[in-house]
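Written below as structure tokens is the structure these notes are about.
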Amino acid sequence: MSFLGQNDNRVVHVPPGEGPSRWAFGDKYTIKAGEHNAGKAFYLMEAVVPAGGGPPPHIHHWEEEAFYVLEGEVEVRDGGGPTTVAAGGFIFVPRGTTHSFTNVAVEPCKMLILVTPGGKDRFFGQAGVSAADGAPQPPESQRIADVELGLRIGPEFGDEYLI
């Protein structure tokens, strides 16, 4: 993996299956672009969401968020109700919008999540547990702990979790 230094004008390459990974809210998030290789321009992660997985309703007060579904199907909810998004579908969530998503299919859903500006690395560095070296999905108790942690530390990162 290439790392971006202080404006060194180099292309960043993250091979398939690589990038720092965390299990958070029951989902596996692999950081493809973050402060470690793209500065604070944006944050991009690959999410693998098991059946029924996804975070609780929340608001990003500092960033916009976009989802591109690669495989499976996910239900995205906002104040207007649910929208089912199949593979190839895209969702944009403006900052300040209450939203959540859930994998409504039986098979895992895979999607790319883009956040701009960047900086979510610090939140995901504290949420969940490492998924490095193929670490298995943690038990449901970890998902509950992640929600409690989100409630506690979310405001430090401009996030508000609603339960």
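Among 91-99, 111-119, sorting by the average number of other beta carbon atoms lying within 10 angstrom of each residue, highest first, gives 111-119, 91-99. Ranked by how many other Cβ atoms sit within 10 Å of their own Cβ, fewest first, the residues 144, 59 fall in the order 144, 59. Across the alpha-carbon atoms of the stretch 21-161, the computed radius of gyration and Dmax are 13.8, 40 angstrom.
Spacing of the modelled spin labels on residue 106 and residue 41, each 7 Å from Cα toward Cβ, amounts to 4.3 nm. Cross-link partners for residue 120 among the lysines, with Cα-Cα distance under 18 Å and sequence neighbours closer than 8 places in the same chain left out: 28, 32, 40. Taking a straight line from the alpha carbon of residue 110, these aspartates and glutamates sit under 13 Å away, with near neighbours fewer than eight places off in the same chain left out: 27, 46, 71, 73, 75. Taking 35, 46, 107 as the candidate residues, the one with maximal mean-square fluctuation in a Gaussian network model of the chain, Cα springs under 10 Å, is 107. Exposure proxy shown here: for 163, 31, the number of other Cβ atoms within 10 Å sets the order, fewest to most, as 163, 31. Whole-Hz Karplus values for the stretch 33-47 come out as 9, x, 4, 5, 9, 10, x, 10, 4, 6, 9, 10, 9, 9, 10 Hz, taken residue by residue from phi with 6.51 cos²θ - 1.76 cosθ + 1.60 and θ = phi - 60°; glycine and proline positions read x. The ranking of 161, 68 by Cβ neighbour count inside 10 Å, starting from the fewest, reads 68, 161. Amide H to amide H, with H built 1.01 Å from N, residue 98 comes under 5 Å of 79, counting only residues 5 or more places away or on other chains. Each part reduced to its alpha carbon centroid, the stretch 92-159 and the stretch 62-84 end up 13 Å apart.
No lab work stands behind these numbers, since they all come straight from the coordinates. Quick caveat, the model's predicted, so the values are computed rather than measured. Every residue, glycine as well, gets a Cβ built from its backbone with ideal geometry; the counts of neighbours run over all protein chains shown.
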